[in-house]
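One structure below.
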Amino acid sequence: MTEIALNQARALYKEIPSMDDLSNMRKVMTASPELLRVLSSPVILKKQKKALVLKIAERFSFSEKEKNFILELVLTGDIVEFSDIMSCYDYIWSLYNNVIDAECVFPAEPDEAEKDKALKYLKTRYPDRKISISISVDPSIIGGRVIRTRGVEYDQSISGRLETLEKRLLQEV
C-alpha cells in the first residue's frame, strides 16, 4: 500500500462513498490490462490519453466524478497505482462501514455448516462488526480452517496443530 494509493483512495471515498457506485468504473478499468498500460505509457501524449478516457467514460456511462477521478490519475501519472488505489478504497470503505473482510481457507469446499462455524467464530471476536467472508481452498491444511482478517491469522488447521506439536517436541529434545 503506497502513500499515493492511500491518498487517492481517501479522496475517492470522500467523493464516492458508495462501493456500488464504483462497480462499473472498476469493472471497465480492470477488464483489460492493456487499457491501464496505454493510460500509463510515457510514450502516449496526455491529450491522447485524455481523449481516450473521455470516450471510455461516455461509452460506459461513468459518472462525472468517476470520469474526473480517472482523468486526474492519468494526468498525474498515478494511473499506474489503480489496482492499489482500489484495494485501499476497499479497506477504507470497510473501516467506515464497520465491515470486517475475512478470508477463510478450508482443505476442501466447505458446506454451509462449516461456513456458519467460521462466521460464528469471527462474530465472537468482532461482535460489533458486519463480517464479509471469502472462501478459498488449500488441501495442504489437511483439515480444520485458517481464518485471516486485518493482518491476523487464526490457524485452526490440522497442519497448523502438527507444526505446533513438532515445535514443542523439538524444544523438549
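The values are calculated or read from the model by the stated rules, or taken from the named source; none is laboratory data. Owing to the predicted nature of the structure, the values given are computational and were not obtained by experimental measurement. Cβ placement follows ideal geometry from the backbone for every residue including glycine, while neighbour counts extend to all protein chains displayed. We work out accessible area using only protein heavy atoms, side chains counted, and drop any ligands, DNA or RNA first. Shrake-Rupley method; radii C 1.70, N 1.55, O 1.52, S 1.80 Å.
Charging the Cβ of each Asp and Glu at -1 and of each Lys and Arg at +1, and nothing else, the dipole of segment 26-87 about its Cα centre rounds to 280 debye.
For the pair residue 101 and residue 61, the difference between a 0.36 nm per residue extended length and the Cα-Cα distance amounts to 11.5 nm.
For the chain, the Cα-based Rg and Dmax, in that order, read 21.2, 70 Å. Here the Karplus relation 6.51 cos²θ - 1.76 cosθ + 1.60, evaluated at θ = phi - 60°, turns the backbone of segment 147-152 into coupling constants of 10, 10, 7, 6, x, 10 Hz, with x for every Gly and Pro. Solvent-accessible area of residue 52, all protein chains in place: 60 Å² (probe radius 1.4 Å, heavy atoms, ligands and nucleic acids excluded). Here the accessible area is traced with a 1.4 Å probe on the protein chains. For the chain, carbon and sulfur cover 53 percent of it. Would you mind getting me the FRET efficiency between residue 169 and residue 37? Use the beta-carbon distance for r and R0 = 45 Å, nearest 0.05. The computed FRET efficiency comes out at 0.30. Couplings 3J(HN,Hα) of segment 12-17, computed from phi: 5, 4, 4, 7, 9, x Hz, in residue order, whole Hz [Karplus 6.51 cos²θ - 1.76 cosθ + 1.60, θ = phi - 60°; x for Gly and Pro]. For residue 157, the residues whose modelled amide H falls within less than 5 Å of its own, excluding neighbours fewer than 5 places apart on the same chain, are 145. This model, with +1 at the C-beta of Lys and Arg and -1 at the C-beta of Asp and Glu, gives the chain a dipole about its Cα centre of some 520 debye. In the context of the full set of protein chains, residues of the chain present 64 Å² of accessible surface per residue (probe radius 1.4 Å, heavy atoms only).
Expressed as an acute angle from 0 to 90° and rounded to the nearest 10, what is the orientation of the C-alpha long axis of helix 82-96 relative to the principal long axis of the chain? For helix 82-96, the angle is close to 60 degrees.
A Förster distance of 35 Å, applied to the separation of the beta-carbon atoms of residue 119 and residue 72, puts the FRET efficiency at 0.35.
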